[in-house]
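Take a look at the structure below.
The values are calculated or read from the model by the stated rules, or taken from the named source; none is laboratory data. Everything quoted here is computed from the prediction, not taken from an experiment. Cβ placement follows ideal geometry from the backbone for every residue including glycine, while neighbour counts extend to all protein chains displayed.
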Amino acid sequence: MERIFLDHASVTPVDARALRFAEPYLAGGYGNPSSLHSVGLEARRAIEDARTKVAALINAEKEKTILFTSGATEANNLAIKGAALRNVGKGKKVVSSAIEHMSVLNPMKDLQKNEFEFTTVPVDSSGIVDLEKLEDSATRETTVTSIMYANNEIGTIEPIREISEIVHEKGVYLHVDATAAAGRIPIDVQADGIDLLTLSSNDMYGPQGAGALYVKTGVRIQPVLPGGGQERGLRSGTENIFAIAGMGEAARIAREEMGTESARLSEMRNSLIEEILKIEETYLTGHPTKRLPHHASFRFSHIEGESILLIMDAQGIQVSTGSACSSKTLEPSHVLLAIGLKHEEAHGSMVMTLGRSNTVEQVPRVVDAVNEMVVKLRKISSLGKE
Amino acid sequence: MRRVYLDYAAASPVDPRVMEEMLPYFTDKYGNPSSVYSLGFEANTAVEEARERVAKLIGGEPKEIIFTSCGTESINLAIKGLVHRSKDKGNHIITSTVEHPSVLSAVDELERGGFSVTRLPVDGGGLVDVESVTAAITEKTILISVMYANNEVGSIQPIKEIGEIAKDRGIPFHTDAVAAAGKIHISVSEDNIDLLSLASQDMYGPKGAAALYLRKGTSISPILHGGRQERKLRPGTESVPLIVGMGKAADIAAQEMEAESETLSKMRDKLVRGLTTSVKECYLNGNLERRLPNNANVRFSYIEGESIILNLDMKGIQAATGSACTSETLESSHVLTAMGIPPEHAHGSIAFTLGRWTKGDDIDYVIETLPPIVKELRSISPMVPEGWTD
């Protein structure tokens, strides 16, 4: 049975081109970028080449605004804790939306334990941040506000430019977690007015083990991992050249192919949405139009998410319910609760995130499988209709 | 041109057997271990198998292994995680003057935050005196962190003895074993180690994976916050292929370490002997007996290490001055300084680190190539005393 992988928000297979590009650095292109000899210099060049490619993807003003980390979690921690702790002189307030990823919410909560005031801004039923509430929450004492570019669970794209204007009026840094958005929709940190931006290699077909933080020229943060002083002293540890080179190539491919690929995926996504919404008591979660092109998320009444995954998997189709990071816990997704769903409604959610391996020919098989699954689960459901 | 790579401490190639095992996890078995479907379960199983293999290498239990992204992170997690968790018990940390910058910077940061730090001196061979550990302990001591073996000069610390003292006094003991793991036998139970840092790339695994051994019952706080991975002590989606690679590397090391160490130490001894006997005023840095099998750190009077490195590089030989992490700064190595070697001598030091693919004739090539370079550099060096002849 052909595998139909529709969970590209939890992981992307590494693009064969990115892997081929980076593989020499894994196998034989050894060298420590800090070493003086020629092998070390080759490694240094590979990293600088990757920095250029990643900078281009988000239209950063300079290559050196890109810092490589081990992944998005570390980049989010570095941005938030690094900015908050470095700028305590301004104040001890931090703000985020209610639907951020755990790697944004948890560093915020950790700051809260250390006497910072942490405010979460609510979102509307489609997942768009409440701009008026944001304006009230971000004050002159706020050092950093973190709002994601687009949400991984419901696909909603936030109005980053308007958000930027609001927080900048109070002199607050804007951090944007672009893990779900990067490589899928155009991001321009300069035009969008972003101070700090998180990217993840493995969310855009690059290898695991690399992430990046864009730090706008002049924005001040402090490291969370002190050590050998690599990455301008902001991220110590010998650079993971292979993953960084692979991330660079993945960024280059994404930049070149994003236009056509996103158009292709959104067409397929639209037919999935159209067909699946024909099922009775089935609803789209997230925004109908301000939405990542590869993202379709639903909820089915009277059904439980965990069983959705298992039944679909038995049909060779991988989907997700909420965030992959929290799917092992049986708590309902904080994102779905934040858009106003009740616990039992949130449990019946299914997220499909399309990617490079998917083709429009797969749509009928997926639609059939979803239909069968819904019928089967509603028949045995304890959440069943009265 | 012939290429002789003798800078294995800075970076090592990935063993082809490791490559073969990890490659499918990039493109085919690419599941996220947290996903609740077959592809995710498969990834989860692969991570758990790697955990077993890493645990076995150091004599720990699989559930005592936490995967991190690199040695620096493992060290930061151990030291800061433990100290922040045990703040109410005291505020004193004991470490040594020859630690890796990751340990020194983490400790410096804690010192700025109000903790008190004792940095134990070392002798001329780079070794910590066990008595000095006992003497430094106070009622406020909450952590002892001494490296297993030094990355620059290869000296192996009296870990077992320090472990015993720490255990007797009930103080958690962390050791940075990044340079030692996979090269010499390590047993966290025999040595009474509570926390141990090791890195994949230092044992022919890929970069981007490392681990912290955390003895059952020892509590730490996380330094990164996010998802629930690694018992919430290290959030972030696991780099499955890299972790698989680290597991395979640990497995190979466990099986081949003994034989490999014997071969390497023979070549190492030949290199040291060859250089110290054929070049005037060339000395070994560090202790010859308690030393990693792959490390030969030698110094040449009256010349600069950087010039030696660049000249060797032109002949296809890669080596290092001091620690690779700091060789961009050109400051004299803190390790050599701590060993009492004056800066003008420390500057003429070269670290050769041998590895799995070093051959006997590579060593011959260095013994043949280096003396004329030294001679040439000394002939133009202003530091050579008047009347001194080669």
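How many residues does the stretch B:242-257 hold that are surrounded by fewer than 20 Cβ atoms within 10 Å (Cβ to Cβ) and touching a residue at least 60 places away in the same chain (Cβ under 8 Å)? Before the answer, list the steps.
At the first step, the residues of the stretch B:242-257 found to be surrounded by fewer than 20 Cβ atoms within 10 Å (Cβ to Cβ) are B:254-257.
Those left that are additionally touching a residue at least 60 places away in the same chain (Cβ under 8 Å): B:254, B:257.
Residues meeting the conditions: 2.
Residue-by-condition table, conditions (1) part of a strand (DSSP E or B); (2) within 12 Å of another protein chain (Cβ to nearest Cβ):
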| position | (1), (2) |
| --- | --- |
| A:R140 | no, no |
| A:T143 | yes, no |
| A:P186 | no, no |
| A:G206 | no, yes |
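What do you reckon, is A:I185 in contact with a Leu (Cβ under 9 Å, 6 or more places away or on another chain), over 18 Å from A:D7 (Cβ atoms), in the same structural domain as A:I244 (by TED's automatic domain parsing) and surrounded by 24 or more Cβ atoms within 10 Å (Cβ to Cβ)? So A:I185 does not fit the description; no.
Please note which helices (runs of 4 or more DSSP H) are completely contained in the stretch B:330-390 and include at least 3 residues that are among the aliphatic types (A, V, I, L, M) and within 29 Å of B:K266 (Cα to Cα).
Details: elements: B:334-338, B:343-346, B:360-379.
Fully inside the stretch B:330-390 and qualifying: B:334-338, B:360-379.
Taking the criterion of being surrounded by fewer than 24 Cβ atoms within 10 Å (Cβ to Cβ), within 16 Å of the chain's Cα centre (by Cα) and part of a helix (DSSP H, G or I), the residues of the stretch A:63-105 that qualify are A:M102, A:L105.
Number of residues in the stretch B:218-235 that are in a loop (DSSP other than H, G, I, E, B) and within 17 Å of B:E48 (Cβ to Cβ): the value is 4.
Where strands (runs of 3 or more DSSP E) fall entirely within the stretch A:279-378, those with at least 2 residues that are modelled with pLDDT of 90 or more and within 14 Å of chain B (Cβ to nearest Cβ) are at A:349-353.
Picking from B:S261, B:S265, B:S307, which residue would you name as being in a helix (DSSP H, G or I), of a type in the set (S, T, N, Q) and within 14 Å of chain A (Cβ to nearest Cβ)?
B:S307
For the stretch B:50-60: of the residues being among the small types (G, A, S) and part of a helix (DSSP H, G or I), which is nearest to B:S200 (Cα to Cα)?
B:A50
For the stretch A:195-214, check the following and say yes or no: at least one residue is under 16 Å from A:E63 (Cβ atoms) and surrounded by fewer than 24 Cβ atoms within 10 Å (Cβ to Cβ). No, because not a single residue in the stretch A:195-214 is under 16 Å from A:E63 (Cβ atoms) and surrounded by fewer than 24 Cβ atoms within 10 Å (Cβ to Cβ). Has the stretch B:182-189 got any residue that is charged (D, E, K, R), surrounded by fewer than 24 Cβ atoms within 10 Å (Cβ to Cβ) and more than 10 Å from every other protein chain (Cβ to nearest Cβ)? Checked the stretch B:182-189: no residue is charged (D, E, K, R), surrounded by fewer than 24 Cβ atoms within 10 Å (Cβ to Cβ) and more than 10 Å from every other protein chain (Cβ to nearest Cβ). The single condition among (1) in a loop (DSSP other than H, G, I, E, B); (2) surrounded by fewer than 21 Cβ atoms within 10 Å (Cβ to Cβ); (3) in contact (Cβ under 8 Å) with a residue 12 or more places away in the chain that B:E289 does not meet is (3).
The set of residues in the stretch B:6-15 being at the interface with chain A (Cβ under 7 Å from one of its Cβ atoms) and modelled with pLDDT of 90 or more consists of B:D7, B:V14. Here B:S265, B:S261 are screened, and the one residue that is touching a residue at least 40 places away in the same chain (Cβ under 8 Å) and of a type in the set (S, T, N, Q) is B:S261. Look at (1) within 14 Å of chain A (Cβ to nearest Cβ); (2) among the charged types (D, E, K, R); (3) within 19 Å of B:D202 (Cα to Cα) and you find that B:R51 fails only one, number (1).
Scanning the stretch B:213-236 for residues that are more than 7 Å from chain A (Cβ to nearest Cβ) and crowded, with 24+ Cβ neighbours inside 10 Å, which turns out farthest from the chain's Cα centre (by Cα)? Break it down into steps so the answer makes sense when it comes.
Taking the stretch B:213-236 as the starting set, the residues that turn out to be more than 7 Å from chain A (Cβ to nearest Cβ) are B:213-222, B:229-234.
Subset that is crowded, with 24+ Cβ neighbours inside 10 Å: B:213-214, B:234.
On the way: B:Y213: 15, B:L214: 18, B:R234: 21 Å.
Per the criteria, the residue is B:R234.
Out of all the residues in the stretch B:348-390, which are over 18 Å from B:D7 (Cβ atoms) and buried (at least 18 other Cβ atoms within 10 Å of the Cβ)? If the condition is that a residue be over 18 Å from B:D7 (Cβ atoms) and buried (at least 18 other Cβ atoms within 10 Å of the Cβ), then B:P371, B:V374, B:L377, B:R378 are the ones that fit. If you go through the stretch B:18-48 and keep only what is more than 10 Å from every other protein chain (Cβ to nearest Cβ) and charged (D, E, K, R), you end up with B:E20, B:E21, B:E42, B:E48.
Restricting attention to the stretch B:96-116, the residues being closer than 18 Å to B:V335 by Cα, in contact (Cβ under 8 Å) with a residue 12 or more places away in the chain and within 14 Å of chain A (Cβ to nearest Cβ) number 8. Each residue in the stretch A:145-168 was checked for being aliphatic (A, V, I, L, M), touching an Asp or Glu at 6+ places or on another chain (Cβ under 6 Å) and assigned to a helix (DSSP H, G or I), and 2 pass.
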